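The values are calculated or read from the model by the stated rules, or taken from the named source; none is laboratory data. All figures in this text were calculated on a predicted structure; none of them were measured in a lab. Please note: Cβ atoms are built from the backbone with ideal geometry, for glycine as well, and neighbour counts cover all protein chains shown. Heads up: the accessible areas ignore ligands, DNA and RNA and are worked out on the full protein's heavy atoms, side chains in. Shrake-Rupley method; radii C 1.70, N 1.55, O 1.52, S 1.80 Å.
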Amino acid sequence: SNQSVSDEMKILLVEDNIINQQLAFDTIKSWNNKIDIELANNGKIALEKVQENDYHLVLMDIQMPEMDGNEATIAIRKLDGEKGNTPIVAMTAHALKNEKENCLKLGMNDYISKPFDPEDLFEKILRFAPEKLSNNNKKENGSSTAKAMDIEKLSFNYFNVDNLKKIYQENTSKIVK
């Protein structure tokens, strides 16, 4: 039926780094493989895609060639009707306070620091998910925030294998890749 299609979440992932693309894609899919994820390599492509399609959420990297995340967000916010209100979550490598304030000032709905903690990412996704998705994924245990706290301490390393283990559930070949 048509109903089931509209209940599935559609995300546009805007990221120029192939490894980061793969990581975010796999992280989201391993959590909920019904989510439809499209990729855009820069802000210019993202803007075109938002004009052509309807997304529940845009995950927007800030630093990109061609057109960065800030410029793309400004352009999307100028679009007519619902398109201009498409939810945008910034992915920022700078955990600087003013960077985050800047994102919100430009009209982004939220932000997430890179490297991201999967739990944090899922929380942001659920914020903008169609109703059905959020009901399927309510966690029974309250341990998720504790886990997120532990990861916070580790996320300053350039490469954090703990996150990879979490994402790929100890699938060694994927972690190595």
Relative to the present Cα-Cα distance, how much length would full extension add between Glu48 and Glu8 at 0.36 nm per residue of separation?
12.2 nm
For Phe128 the rounded accessible area (nearest 10 Å², probe 1.4 Å, non-protein molecules ignored) is 30 Å²
With the crude spin-label approximation of a point 7 Å out along Cα→Cβ, what separation in nm comes out for Lys78 versus Lys174?
4.0 nm
Rounded to one decimal in nm, the spacing of the 7 Å Cα→Cβ label points at Leu104 and Asp162 is 2.7 nm
Given the Cα-Cα distance of Asn85 and Phe25 and 0.36 nm per residue of separation, how much length would full extension add, in nm?
19.3 nm
With all protein chains in place and a 1.4 Å probe, Asp16 shows an accessible area in Å² (nearest 10) of 60 Å²
At 1.4 Å probe size, with no ligands or nucleic acids counted, give the accessible surface of Leu23 in Å², nearest ten.
50 Å²
Largest-first ordering by accessible area, 1.4 Å probe, given options Ser30, Ser113:
Ser30, Ser113
Taking only protein heavy atoms and a 1.4 Å probe, the highest-to-lowest accessible-area order of Glu8, Glu131, Glu15, Glu99 is Glu131, Glu8, Glu99, Glu15
